[in-house]
Structures are given as structure tokens and as C-alpha cells.
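Note sheet for the following structure.
The values are calculated or read from the model by the stated rules, or taken from the named source; none is laboratory data. Because the structure is a prediction, the values reported are computed rather than measured. Neighbour counts are summed over all protein chains in view; Cβ atoms, including those assigned to glycine, are modelled from backbone coordinates with ideal geometry.
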Amino acid sequence: MSAPILGIDLGTTNSLCAVFAEGAPTLVPNSLGEFLTPSVVGVLDNGEVVVGAAARELRVTRPDRCVSRFKRLMGSDHTVDLAGHRFTPPELSSLVLKSLREDAAAHLGDEATDAVITVPAYFNDNQRKATKLAGELAGLKVRRILNEPTAAALTYGFHDRQAEKTLLVLDLGGGTFDVTLMEVFEGTLEIISTAGESFLGGEDFTDRLAGLILKQLGLQLETAEMRQPLLVARLRQQCESAKQQLSDAAEAVVAVPDAEGRIAAGGKTVRIASDAFAKAARPLLDRLVPPMQKALRDANCNLGSVDDVILVGGATRMPVLREFVEEFYGKTALVKHNPDEVVCLGAAIQAALIADDRAVDDMVMTDVCPFTLGVDTAKHMGSQIKSGYFTPIIHRNTTIPVSREETFSTILPNQREVTVEVYQGENRKVEKNLKLGELTVDGIPPGPPGQEVFIRFTYDLNGILEVEAYVAGSGKKFRTVLTQHAASLSPEEIRAATERLQQLKYYPREDMANQRLLRLSERIVGEIASFHRQQLEEAIDSFEAAMNSSDQELVAGARATLEYILSALGYSVPQDKGDDHGE
Ligand code: ADP
Ligand code: MG
């Protein structure tokens, strides 16, 4: 049997991998035996790249050597400087994907080469292409870019084939918010509309909490981040855990770190009550409303016709979020599947659909295009010609794949060429929309204004747009998959980037559990009273020395000592569940 297609949820905060096996989607554990791999990349002092939990721990003590949240940069021209290397966002994402791919290969005992990768439904063309590129850079053949809420719906649909309902999926992850309305009918899943915000997620709630605390110290988050990065890195991590505590408790205590990011014994603490957090979070909650309304409006649907509201994404664990949503829809929200895992499982179901797996042969799924796509046109306004108007060719929430053609006319006498500027968005003026690229059409026969130019947009199942144009008289065809953006590299450039990434030194995955324990312990040093510090630091030093010696017996001994001290200090040490296939 050939290797299965991987289903990958490439999240802002966490990434996961699943495969469809023996009739059901199953998650693939990483080298630590865990399903969630933090989307964090770090570079150790010796130049080795680490991805996942070890990098997330390292981020607290060495924020300068780590990067996270880069999903938010996908599709932009930003680059990130990290320990002497410059990375593009797709390159950083590719490191996460590579780590998942290698973990999957070790777990499955088979080299996996193909993948379905999920993206927020509201990701635009550039962001989707950047994701596809990330897959390619990780050596994966990307068989489908799938919308995350659609993936979540596939999981719900897979387990409830007889359902006949209108479902609304709300996905609030670390960095993005998506709303998708769909109908399920005898195994057919039809996406009706989708809306969202690419810059709203659980991390913003953490930042609110951090802001609340910094304000009490007379500081502001943005400026503190630049001036006291160690303080902010530690405070964020404290706030992250306080935010999660507030999901179960009425209050949480946050210890305030010093400028070096250390938490002194008997140092300053701030008590945060859940209602103070709710108040600080309110402006963020309010931002959920416009996309929720838009999805309903676009579907011509009212609140009453939604049967189930499904919550997806780790941030929907916040009671403030749940209450807000339940009040908005007037019904209890449904969480039948683990909100962290449901998207990834759906990606594996999509993989099964692609592979024509018999277990899903009664399932059909249709998706929509999230944005209106069109071109820049000029209009006659009295005697004047005004350009800059957006003329749609494919309207948002059209079922995909779709191909539509519109006819346009030249506006000047003897106009020999037209530049078709392609935009995505909902504004009637192009300047307020996102430019995706352009295509120049020449060879228009001379003549009066009104020569016809035909423009065809084809939007595929991955949400990627192809533009074609031709002029009636000339027979010449022009075609482009919009490639103006940084995310679109030529095959040659992809090869070069892949080679560059291959040359990085990677920390061996089979030793990741030790690396994680080392970084976790270093983080804890900054969190404990100073009179315990020396003992812990000595144990860390011995453990690090043992790791460097590569003497497995020494490592095991030093590890046991370190774990013993950590648990005596009240820290639960994550148990390395390891691979179920040995190395
Ligand atoms: P992504 O898909 O963007 O990677 P996830 O779905 O994994 O995101 O959700 C991550 C977000 O969920 C983070 O902001 C995290 O703080 C938040 N989160 C996870 N668990 C909880 C919890 N128990 N309470 C509140 N927020 C949580
Ligand atoms: Mg997610």
C-alpha cells in the first residue's frame, strides 16, 4: 500500500498531523508522543534548529532565538531574522511541516510525501499560496489547501452521516477567527458562506491580560516588548497560563517578572479576577460580531435557522467566549469533538476523499470562495473617465471550483493594450481591496473604443486563482496564475530555498525529549524562589553536560535527578511517551 496522504493542521499556535487509516482519521504523535506540536522555531546556541515544545520553552528564556506566530505573517513580504539566519514566513512554516513530516514518517514507518494542509477560510490568495509554498519547501506535495472550518465540519459530518442540519462553525484559534455556515444532508456537506478575521485569536486575549498587568506597572505592551523583551516574554507565558486557569477558575495570580525575566521569591504578583479579564476582553469579543453577522447575511439565513453552533479552536475554551457566543445565537454551543484536534482530523478525512477511500465514498463536500474576485475598471463619468472601480467577476461565497468569464471593452481610440489588475475584496473602489496581481493583454487591433476583451477567472478547489484573457480579433490568449507576490517562487527559486533549508543543522528528533526537558528546566529556574535555584541549576548543568557527552547511561541518570528535583518543586514533568515505533 502506498504511504497515506497526511492531513495537517498548520496552526498559529499548534500544529497537528493525522492520517486516515482503517476507516477512520487518527492523529499522529510527534517525537514526544504528543499530538500538538507548538508552531515555534528556535535556534540553539550551537546553531541547531529546534521545532515544537522545546522551542516554546526556549522562547521564554531566549526570545531572541525563537520565533512564533509566523502564520500571521504568511503571504506578506516580512522576513524574520533569527540567530544569523533570515527566514521568510513560508520557510518558517516549512520547518514546522518538516518536523511533522519526519515525525509521521517515524511513526508510520513509511516516508509520507503528500499532504492536505488546512488554512483559515478567510486566508487570502497570497496567504494560501504562501502555505502551499511552505509545503513544497518541506518536501511535501500539497494535494489540497483546505479551509479549517470546512475540515472541522468534515469531522462532524463523518461521525454523523445521517444528520440533516444547518451548522455554524466558529473557529477561534491562536491568531485567526473564522465563521462558516453549512448545510449537512445525507453525507453531503455544502458550505454556504464564510467570513472571518485574520488578525483575531486567543493570543490577543493573552496580550490583553499582559497589557492589563503592564498598565498597573505604568508600562505599555508594545514599548515594553522592545525595551524589556525578557520581561514581556516571561509575562506572556505567565499570562498564557493565567488565561487558561481562568477557563476553570474565578481568579488567577500572575507573578510579575523583573526586567531580566526572572520571578523573584516574594516578588510582585497581580491577582486577576475572571470578571476583570472579561471586561478587558470585551473589545475583542465585540470584534467577533461583524463576521458572525456577515456569514448569516450572505447565506440569507437568520439566527433561528442555525441548528447547531460548533466551537473549534483552543480559544473557544474561554468561558467568556462561550457565553458571548451562546448569548448571540440564543443556544448552547456544541463541542462534540476536541476543539484542538477536530480540524486536523478533518484534513485526514479530506485526504481519504482524495485517495477515494471506501470509508468515505458516501461523503460529498462542496466549498465556497471566501472573497469577491474582480478587476480594476474605468467608468465614464460625464465627459471624464475615472478609473479605480472594482468590477467583480466571481462573487464571494460562490461554490468552487468555479470559472467565470466577463467581457470588457477598451475605453480609448486605438487602444492597443490593457492591463488587467486583479483584486480581491468587497469594496467598490480597488484601492480598498487587495491587489493580487496583473496581466497585460496586448495586440488589440486598432479601432474605436469598445474593442472587446474577455477575462476569465478560474478559482480552484485550493482557493487559488487563475486569470485568462483574450481579445476577440487577435486570437492571442494570455494566462497567468497570479505570481506577483513573494510567496510565488519559480521552481528554480524553490529548489534554491529548499537547498538552503536543508543546509541548516537540525537538532535530532530522537533527542527532542531531552532538549525539551532542558529548556523547560531553564524556564523553571526563572520561576522559583532563589533558595531552590542553586540545586536546580546544578542538576541542569549535569544534565546538559551528560547530553553533550552522548553517554546514554549518564543522560538517563542526570535526567532522573533533574526530574526528581522538578517534581519536588511541584512541577509536573511531561512524561516522554516517545514513538511507538522505535528509532
Ligand atoms: P491555532 O489553530 O491557531 O494553532 P489552537 O486552536 O491550537 O490555535 O488554539 C490556540 C489558542 O487557544 C491559544 O491562544 C491558547 O491560549 C488558547 N487556549 C488553549 N487552551 C485554552 C484554555 N484552556 N483556555 C483558554 N484559552 C486556551
Ligand atoms: Mg486552528
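Looking at the stretch 249-259, is at least one residue within 26 Å of the chain's Cα centre (by Cα), surrounded by fewer than 18 Cβ atoms within 10 Å (Cβ to Cβ) and within 16 Å of ligand 1 (Cβ to nearest atom)?
no
Answer yes or no as to whether residue 456 is closer than 26 Å to residue 137 by Cβ, of a type outside the set (Phe, Trp, Tyr) and not assigned by TED's automatic domain parsing to the domain that holds residue 91.
When the stated conditions are applied, residue 456 does not pass them.
Which ones in the stretch 310-337 are away from ligand 2 (no atom under 12 Å from the Cβ) and of a type in the set (S, T, N, Q)?
332
Show me the strands (runs of 3 or more DSSP E) entirely contained within the stretch 75-139 in which 3 or more residues are touching a residue at least 12 places away in the same chain (Cβ under 8 Å) and among the aliphatic types (A, V, I, L, M).
114-119
Can you tell me which condition residue 420 does not meet? The list is (1) part of a loop (DSSP other than H, G, I, E, B); (2) among the β-branched types (Val, Ile, Thr); (3) within 20 Å of residue 129 (Cβ to Cβ), and all the others hold.
Among (1) part of a loop (DSSP other than H, G, I, E, B); (2) among the β-branched types (Val, Ile, Thr); (3) within 20 Å of residue 129 (Cβ to Cβ), residue 420 violates only (1).
Suppose we filter the stretch 102-158 for residues that are among the charged types (D, E, K, R), under 19 Å from residue 14 (Cβ atoms), more than 16 Å from ligand 1 (Cβ to nearest atom) and surrounded by 23 or more Cβ atoms within 10 Å (Cβ to Cβ); how many remain?
Counting residues in the stretch 102-158 that are among the charged types (D, E, K, R), under 19 Å from residue 14 (Cβ atoms), more than 16 Å from ligand 1 (Cβ to nearest atom) and surrounded by 23 or more Cβ atoms within 10 Å (Cβ to Cβ) gives 1.
Quickly run through the stretch 189-242 and pick out the residues that are buried (at least 16 other Cβ atoms within 10 Å of the Cβ) and β-branched (Val, Ile, Thr).
If the condition is that a residue be buried (at least 16 other Cβ atoms within 10 Å of the Cβ) and β-branched (Val, Ile, Thr), then 191, 192, 194, 206, 213, 232 are the ones that fit.
Does residue 175 qualify as being in contact with a Ser or Thr (Cβ under 6 Å, 6 or more places away or on another chain) and within 16 Å of ligand 1 (Cβ to nearest atom)?
yes
For the stretch 284-303, check the following and say yes or no: at least one residue is within 16 Å of ligand 1 (Cβ to nearest atom), surrounded by fewer than 21 Cβ atoms within 10 Å (Cβ to Cβ) and either assigned to a loop (DSSP other than H, G, I, E, B) or among the polar types (S, T, N, Q) (or both).
Yes, there is a match, as at least one residue in the stretch 284-303 is within 16 Å of ligand 1 (Cβ to nearest atom), surrounded by fewer than 21 Cβ atoms within 10 Å (Cβ to Cβ) and either assigned to a loop (DSSP other than H, G, I, E, B) or among the polar types (S, T, N, Q) (or both).
Do the conditions hold for residue 537, that is, is it modelled with pLDDT of 80 or more, assigned to a helix (DSSP H, G or I) and not β-branched (Val, Ile, Thr)?
Yes; evaluated as a whole, the condition is true for this residue.
Testing residue 84 on (1) surrounded by fewer than 24 Cβ atoms within 10 Å (Cβ to Cβ); (2) touching a Cys at 6+ places or on another chain (Cβ under 9 Å); (3) of a type in the set (Gly, Ala, Ser), one condition comes back false. Which one is that?
(2)
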